[in-house]
Amino acid sequence: MLTFSHLSADSFESHLKAGRKRPRVREAVSCWQCRTRKIRCDREAPCKQCQDRGVPNDCHYTNSRDRLSAQPRSPRPSKKASPAPSRTPSRTPSRSPAPTSGPVQTPVQQIHTPPDSSSSSRGETPEPSSDIQVPQEPLHALRGNAFQGSACKTRIIGLSHWMAPCNDMTVVKAMLDRSTEFYASRKAFSELKAVIRARNVIHTIPTPAASVGASSLRALLPHGDECESWMAQYFRTYGRIYSVVEADVLTRELERIRAGTLDNPVHISKILMVAAIAMQQDETQRLRGRQLARAVEDAVHAYSRFQKPCIGVVQVLLLLIILKTIAASDTDKMYELLALQGLVTQIVSSMGLHRDPALFSEVTPYYAEVRKRLWASFLRLNLDYCLRSGTQFSLRLDESDCSLPTPTVLRRLDPEMVNSPYEMESDKQYEADMAFNIAAVKLVKIIAPAYQALYSAHPPDSYQLQKNIRASFSALLSDLPLHLRGSTTFDPVQELQQSLLSIPMHSFLSILAVGSTMGTRTDDSQRSQLMGIWDDASAVLHQFQRLTKHTQETNAMACHFLWSDAGRAALTACLIVGKLRRLDHDRIIRHPQHTVCVFQQMLTNTLSNLSTFWHGKFHLGPVAAKLNLILAVILNVTMNLASGDYHPDTIQQILFDDGVATADRLIADMKAALQPQPRLQPPSISVELVTTPSSADPSPDSAVFTTWPADSMAFLTTGPPSNASSAASSPFLEFLAMDFSPALSFSSLQSNLNFSNGGYLEDPTLSPLTPLTPLTPMTSFNDHPSMDSIWE
């Protein structure tokens, strides 16, 4: 008998007997045991009936997919022939809601996965849908990473890569994306890179046969007092950043090597690597240092002594990683660290440096402390490599129970060690440097889990992740000693230590925030988030500029360790100010807010200073030349947007023409600067935004680099400055338009960062003349990554 319950849309079928009504096939929602016994089921997993009978494991539910694909009922079913469900694997046990060890489904796989029968709690048949609705991305979701490659290779480049913001910059992206407009520039730049590589080629040092062993390495040691001089310079600079070797131990080993009582290639390699790293601060000796490092690296693969995991081998490998990281600031070849990172990871794992030293028998307090410091240095170098290269951090910190190192002076833990006549620092300074190393490890343990979440198959909510990270950073800052909180100091290396703690915090926060704003249309709801990104980027630029104005030693170290953060911050600042200008353009009343105009002035002056800085370093390697070129292009486009009132239909082509003209002229001038010159001096370019040449002739001591004449700077502008607000009406605003004052710098930057509201500006329209909290190096915290560029 047909009732009204059968009159549904699914009960009419035109292809069967002219639309004859038939009973609806109801979906079974009870478990198999309750259906067999014909009792009421509460549809739990397991149900109460099966629990009362003591058979919770037999409580099964039929898979909905199998039911949908089952054959239709017979028109006249027999009352006695009720089909008993067969025990097939399609029945899912009641324990299925527990997490399984299978692969995690991607959002696309979850769309095509049939729904579980437990979701149909009322017995409704799920209606088929021809159009699959893809779930919308949440507002603060992080974009995925870029998977690039071909049929034979694949490369993932993450949000942390310093060129990631270029994907939202039309002119720079076209320059890096093999566009036809930049074809001539790309060809000329390839020729320039060939010249730069030829001038910085590292020749293999001729040594005796490999079978000689340690004697070939001993012959490479600097003679006389030169070796002690390089060692002293290392422990005054890089040795205070990474605690890998001790000055007293290295001095005693050098004395034994010269006396002939120590002939181990591992100990000789440590001294060679310390000298090689110290040579990187001198442009005339840096290639010599890399030659020594290459000889040590060849020895690592040739001598059997390096195949045995021990403390000395780990120290040599960590020093090699430090030197290759420094060299990458010139070459950008972080991939050269792949084999070395894999080797040191395996040795560290086999030695158990990640475990508590107390678990190992016969480990003295001295070597227990050494193991802790080596593990801490390895963590820092590994995370730094992942952040620079944009790759995943694969170490699992939850499997490590090694405690943090202590600021204890090591020679106090070993009774056999006496005070060496070679002392680089007092015990007080030693403990202060160790406090920095401990704080750096704590910072790694905060950043690493969040960085791993960025590369997971299901990235977390960006807003909540930033909130947690800011809270962790605030807790870390509150525990820092006073000399690391940003207090005034007369020690340049100590100021560098402050920046090495502060800049990674700001950089990582900008990485998280930019990942949720790139590739999306900017709306007014993102203004506060854009302000927060600007605060982080400007803090990085301000600190980097201040570090480069110190001594030559700290200048070189800042460039070696922080060049990628500075490049990322410059590109991010351009991107953010461009988005803010676009928000002003989309308003009904089009006029730039005063805050954005101030940001524009600061950014232009900062780009000018950074361009001048890298103009003096482009000859050191391809990455310095590439960064020099990118900064010049974005500076040129920024200034040209402010120099005239362009029509919206022609603005894009004008900006492309300006970018091409800048690239062509700069590449030609860099080529000319690399030509042989009468005087022996580092070939470079010094650029200042001036309208008339200086009347005073520089002294021979101060004139280190060649200087462009005033007429050669004509390519930086296309016309006289005009009203900056006229460019705000242009729809194509990848870069900002402004009138800038050369006297304005980031040192006058004012910010009202408030941690209670996430660290963003409380009032975006606040006038900079309002007294606010000045930005300090340690400001309190309360994916489209770049393409695999052919210009690398």
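The values are calculated or read from the model by the stated rules, or taken from the named source; none is laboratory data. Since the structure is predicted, the reported quantities are computational estimates derived from the model, not experimental observations. A quick note on method: Cβ atoms are made from the backbone with ideal geometry, for glycine too, and the neighbour counts reach across all protein chains shown.
Here are the numbers:
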{"read-out": "Only listed residue being of a type in the set (A, V, I, L, M), surrounded by fewer than 21 Cβ atoms within 10 Å (Cβ to Cβ) and in the same structural domain as V249 (by TED's automatic domain parsing), chosen from A432, A450", "value": "A432"}
{"read-out": "Lone unmet requirement of (1) under 60 Å from the mean Cα position of the chain (by Cα); (2) basic (K, R); (3) modelled with pLDDT under 85; (4) assigned to a loop (DSSP other than H, G, I, E, B) for K17", "value": "(1)"}
{"read-out": "Residue count, the stretch 249-269 (criterion: within 15 Å of L217 (Cα to Cα) and of a type in the set (A, V, I, L, M, F, W, C))", "value": "5"}
{"read-out": "Number of the exception - P309 against (1) in a helix (DSSP H, G or I); (2) closer than 26 Å to L383 by Cα", "value": "(1)"}
{"read-out": "Yes/no for D298 being among the acidic types (D, E) and crowded, with 22+ Cβ neighbours inside 10 Å", "value": "no"}
{"read-out": "Elements of type helices (runs of 4 or more DSSP H) contained in the stretch 184-286, each with 3 or more residues being surrounded by fewer than 21 Cβ atoms within 10 Å (Cβ to Cβ) and at pLDDT 90 or above", "value": "226-236, 247-259"}
{"read-out": "Residue in the stretch 372-393 that is nearest to the chain's Cα centre (by Cα), counting only those that are at pLDDT 90 or above and among the polar types (S, T, N, Q)", "value": "N382"}
{"read-out": "Any hit, the stretch 619-640, residues being modelled with pLDDT of 50 or more and in a loop (DSSP other than H, G, I, E, B)", "value": "yes"}
{"read-out": "Condition broken by Q346, with the remaining ones in (1) over 20 Å from R218 (Cα atoms); (2) at pLDDT 95 or above; (3) not aliphatic (A, V, I, L, M) satisfied", "value": "(2)"}
{"read-out": "Options L496, L476, L512: the member that is closer than 21 Å to T572 by Cβ and in a helix (DSSP H, G or I)", "value": "L512"}
{"read-out": "Residue, nearest to Y385 (Cα to Cα), within the stretch 448-461, restricted to residues that are aliphatic (A, V, I, L, M) and at pLDDT 90 or above", "value": "A448"}
{"read-out": "Any hit, the stretch 462-469, residues being assigned by TED's automatic domain parsing to the domain that holds D536, at pLDDT below 85, outside any helix (DSSP H, G or I) and among the small types (G, A, S)", "value": "no"}
{"read-out": "Test: A339 is out of contact with any His (no Cβ under 8 Å at 6 or more places or on another chain) and closer than 25 Å to Q281 by Cα", "value": "no"}
{"read-out": "Selection count, the stretch 377-415, where residues are among the polar types (S, T, N, Q) and surrounded by fewer than 20 Cβ atoms within 10 Å (Cβ to Cβ)", "value": "6"}
{"read-out": "Flag for S349 being buried (at least 21 other Cβ atoms within 10 Å of the Cβ), part of a helix (DSSP H, G or I) and small (G, A, S)", "value": "no"}
{"read-out": "All positions within the stretch 324-343 that are closer than 15 Å to S564 by Cβ, within 17 Å of the chain's Cα centre (by Cα) and part of a helix (DSSP H, G or I)", "value": "T325, I326, A328, S329, M334, Y335, L337"}
{"read-out": "Criterion (at pLDDT below 95, more than 21 Å from Q341 (Cα to Cα), part of a helix (DSSP H, G or I) and of a type in the set (D, E)) met by exactly one of D433, D398", "value": "D433"}
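Per-residue answers, yes or no, for (1) buried (at least 18 other Cβ atoms within 10 Å of the Cβ); (2) not assigned by TED's automatic domain parsing to the domain that holds D384:
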{"site": "A439", "(1), (2)": "yes, no"}
{"site": "S472", "(1), (2)": "yes, yes"}
{"site": "D479", "(1), (2)": "no, yes"}
{"site": "T489", "(1), (2)": "no, yes"}
{"site": "L500", "(1), (2)": "yes, yes"}
{"site": "M505", "(1), (2)": "yes, yes"}
